[in-house]
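Shown next, in structure tokens, is the structure this report addresses.
No lab work stands behind these numbers, since they all come straight from the coordinates. Everything numeric here is computed off the predicted structure, so don't read it as measured data. Here the Cβ positions follow ideal geometry from the backbone for every residue, glycine too, while neighbour counts run over all protein chains shown.
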Amino acid sequence: MRRRIRVRAAGAAGAVRRRPVRLRLTLVYSGLFLAAGAVLLAVTYGLVAQSLSSTSQPAVASSQASGYLNQALALCKKESPDSVALAKCDSTALDSLNGVSKASLEDQRTRTLSRLLDYSLAALAALVFASTWLGWIVAGRALRPVHAITAAARRASEENLGERIALAGPHDELKDLADTFDAMLGRLDAAFASQRRFVANASHELRTPLTVMRTAIDVTLAKPGRTPAQLEAMAVDVRQAVDRAEALIEALLTLARSDRGTGATEPLDVAALAEDVLDAAAPAIRARPVTMQAVLEPAPAEGDPVLVERLITNLIDNAVRHNDPGGWVQVATGTRNGMAFIDVANGGPLIPAELVPSLFEPFQRLTDRALADRALADRAGSPDGTGLGLSIVRSVALAHRGHAAARARPAGGLEVTVSLPGWS
């Protein structure tokens, strides 16, 4: 029993020490109303007191005072034997009447001011009580959005980030706070989704090269008389699987980094980065081989140079890899509508227009939808591809507040356009 009493006392003490915002707002409202009421009462009391000043002349001209004065003068005439005594009696009567009038006025003034003060204080006390009650209600209504934000924050977790406050009403500070909190939940939801996608994709896609390596090693070791040629072939298979796993891991890390957004940004020229990427890709272009046409106009932008360079690398690598032997690739950079852009077009197999959006999805295999289409099978099932090229392009563009779009060419091939915010 004592413990329960101590717990209740501790809870009450904690509530008092906590002083919730609603209580503080109510006290502020009541205090301001009390201060304003006290000032108004003081001003009113002063004005009324001045208007009832005791320095005002007594009302000797009233009918009742005139009757008292006439009676006093008649009595003075009757009792005064001469004119000097009569004048003295008249003066004494007038002074007495003025004194009585002043005393009466002073008493009336005192009682009026006292009654005014009592009524005013009672009314002020009642209004302060009413303002406290109304202040408590108003504060509760004003803090209702804050309670909604608090409840949403308590419900939010890694598995429950899809709920939003969506506060309605006038565009004020509380709505800005709710909208900011919704935006934060959206960013958290995207971050957790990116993390889950990264883990799922990595675990799924890394099984292939690991399986290839394990199979090559197990098959070779299972042979009783292994020859150096067989061991060398196994080493080649393992090396190719390691290269694929390395490329996949690098692509996954780039995708995860771009999904988190850009870090430090700086002015850059997309044209200069494209020229560097073309120089680095020259051996692959000659090996394919394809005809490269580049029109690189200055394209100033702001962003992360590493991510933007990887974006351009993926675009050119995608255009070269998924092309016909002896085909062509066109690269163009410049500015358009205040945005820096890079266009990469290539020839190649015919791609159905309805399947173009799926090219931006990670690890989407078009062969699952069009097994009979040789061109699509060649594009999606390229053994040296990771299935993340255009996914990284879109992710990097979105991280820079830009956009990426693609369209299938009627004669075959693909054209991809990426726009990034310009640098002025």
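Using +1 at the C-beta of Lys and Arg and -1 at the C-beta of Asp and Glu, which of Thr150, Val199, His171 has the Cα lying farthest in the positive direction of the dipole of region 149-201?
Val199
Mind giving me the nanometre distance, one decimal, between the label points for Asp118 and Glu250, set 7 Å out from Cα along Cα→Cβ?
9.6 nm
In nanometres, what is the gap between the two model label sites at Gln293 and Asn337, each 7 Å from Cα along Cα-to-Cβ?
With each label point 7 Å from Cα toward Cβ, the separation is 2.5 nm.
What is the spin-label model distance, in nm, from Gln108 to Val236 if the labels are put 7 Å beyond Cα along the C-beta direction?
My value for the distance between the label points is 12.7 nm.
Pop out the ³J(HN,Hα) list for region 401-409 in order, Karplus 6.51 cos²θ - 1.76 cosθ + 1.60 with θ = phi - 60°, rounded to Hz; leave Gly and Pro as x.
Result, rounded to whole Hz: 6, x, 8, 10, 9, 9, 8, 7, 7.
By how many nm would the segment from Leu23 to Asp324 grow when fully extended, if each residue of separation counts as 0.36 nm and the alpha-carbon distance is taken off?
Values: separation 301, 0.36 × 301 = 108.36 nm, distance 7.46 nm.
Computed gain between Leu23 and Asp324 is 100.9 nm.
Relative to the present Cα-Cα distance, how much length would full extension add between Val48 and Ala148 at 0.36 nm per residue of separation? Working shown, then result.
Numbers: separation 100, 0.36 × 100 = 36.00 nm, distance 5.06 nm.
Full extension from Val48 to Ala148 adds 30.9 nm.
Can you pull out the GluC sites (Glu not before Pro) in region 104-192 whose DSSP state is coil and whose Cβ has at most 15 other Cβ atoms within 10 Å?
Glu158, Glu159, Glu163
Using only the Cα atoms of region 149-201, what are the Rg and Dmax in Å?
12.9, 44
Using a Förster radius of 51 Å, what is the FRET efficiency between Arg401 and Ala125 based on their Cβ-Cβ separation? Nearest 0.05, please. Provide the component values of the computation, followed by the final result.
Working: r = 60 Å, r/R0 = 1.17.
Efficiency for this residue pair is about 0.30.
What residues qualify as long-range amide H neighbours of Gly348, i.e. H under 5 Å apart, gap of 5 or more or another chain, H built at 1.01 Å from N?
Correct list: Asp324, Gly413.
For a quick check of your reading of the filter: which trypsin sites (Lys or Arg not before Pro) in region 248-337 sit in a DSSP loop and have no more than 15 other Cβ atoms within 10 Å? Please report the intermediate quantities before stating the final value.
Details: sites: Arg257, Arg260, Arg286, Arg310, Arg321, Arg336; in loops: Arg260.
Answer in residue order: Arg260.
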